[in-house]
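First the structure, in the form of structure tokens, and then the observations on it.
The values are calculated or read from the model by the stated rules, or taken from the named source; none is laboratory data. This is a predicted model, so every value here is computed, not measured. Here the Cβ is made from the backbone with ideal geometry for all residues, glycine too, and neighbour counts use every protein chain on show.
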Amino acid sequence: MSGTKVVRVPLRVANSYLLMGPKTVIVDTGDPGFSGGILKALQANGVKKEDVSMIFLTHGHIDHFGSAYELKRQLDVPIAIQSIDLPFFLNGTQAPLYPVNALAAMIKAIGNNMQVKKRYGIKADIVFDEELDLRDYGVNAYAIATPGHTLGSSSVVIPDDDAAIVGDLLVRKYFLFGQGCKPPFLHDAQKHAESMHKLYSLGVKKFYPGHGQTILPQDLCRSLQPRPAQ
Ligand SMILES: [Zn+2]
């Protein structure tokens, strides 16, 4: 199984990704109301509904899982999420937001009480702790826990591409622009550093973030550049 292709689907402020191999996995779904944009992107990339094998969610924030409920109704495929952020997806509420500065605190005041109301009683079908092999779902990739932004955040590593889809592990300095830096919401800074190290040790050089364009090594903040082993 090789030749995994990643297609970014920008949905207003958040990204969804199509991870395409013999089957296609949808990674993250944007805010509520964006399932139509994802279905259009599938069609534009020649992916039939029956070729979609999974909806994978990087973490329990509504701008990442908001349209998962709608999409599940359209596609009837399993939804996967890491166990710690599962309750937020099930409740349609935000995983706790830990702002790192005053601007983030203001954003928290707006975003904290958001809820997804139309949940249609949907559950997650696949819940994992440390690692989930996506080869069983027709793409050469695997998910690993990468806590930090939230405690249940995870990333999808794509060995063919030396890349990972990282949710909000990295956010650009000016949200959609600028260097790739630590996110404005950080639940655990130590775990975040360990997660970055884990991805580097797995050979990840290219990061597909939850917002904005691909982050290459030269786009990374200095504090996040890989360090030689000690
Ligand atoms: Zn987030």
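Of all residues assigned to the stretch 61-71, at least one qualifies as being β-branched (Val, Ile, Thr), within 30 Å of residue 148 (Cα to Cα) and either surrounded by fewer than 20 Cβ atoms within 10 Å (Cβ to Cβ) or out of contact with any His (no Cβ under 9 Å at 6 or more places or on another chain) (or both). Within the option set 3, 30, being small (Gly, Ala, Ser), at positive phi and within 15 Å of the ligand (Cβ to nearest atom) holds for one residue only, 30. Scanning the stretch 85-107 for residues that are part of a helix (DSSP H, G or I), away from the ligand (no atom under 11 Å from the Cβ) and more than 13 Å from residue 183 (Cα to Cα) yields 86, 87, 89, 90, 91, 102, 106. Scanning the stretch 117-132 for any residue that is within 16 Å of the ligand (Cβ to nearest atom) and out of contact with any strand residue (DSSP E or B) (no Cβ under 7 Å at 6 or more places or on another chain) turns up nothing.
Within the stretch 26-59, the set of residues being in contact with a Gly (Cβ under 8 Å, 6 or more places away or on another chain), outside any loop (DSSP other than H, G, I, E, B) and under 21 Å from residue 116 (Cβ atoms) comprises 37, 38.
Residue-level check: of (1) within 16 Å of the ligand (Cβ to nearest atom); (2) on the phi > 0 side of the Ramachandran plot; (3) modelled with pLDDT of 95 or more, residue 175 misses just (3). Within the stretch 145-171, the set of residues being among the charged types (D, E, K, R) and over 16 Å from residue 58 (Cβ atoms) comprises 160, 161, 162. The requirement of being within 14 Å of the ligand (Cβ to nearest atom), hydrophobic (A, V, I, L, M, F, W, C) and in a strand (DSSP E or B) is fulfilled nowhere in the stretch 204-220; no residue meets it. Among the residues of the stretch 160-197, those that are surrounded by fewer than 16 Cβ atoms within 10 Å (Cβ to Cβ) and under 17 Å from the mean Cα position of the chain (by Cα) comprise 162, 175, 176. Residue-level analysis places residue 173 outside the set of residues that are assigned to a helix (DSSP H, G or I), of a type in the set (Lys, Arg) and under 23 Å from residue 100 (Cβ atoms).
Note on the stretch 13-30: residues that are under 19 Å from residue 169 (Cα atoms) and of a type in the set (D, E, K, R) amount to 1. Only one of the listed residues (164, 143) is within 19 Å of residue 4 (Cα to Cα), of a type outside the set (Val, Ile, Thr), in contact with a helix residue (DSSP H, G or I) (Cβ under 6 Å, 6 or more places away or on another chain) and not in a loop (DSSP other than H, G, I, E, B). That residue is 164.
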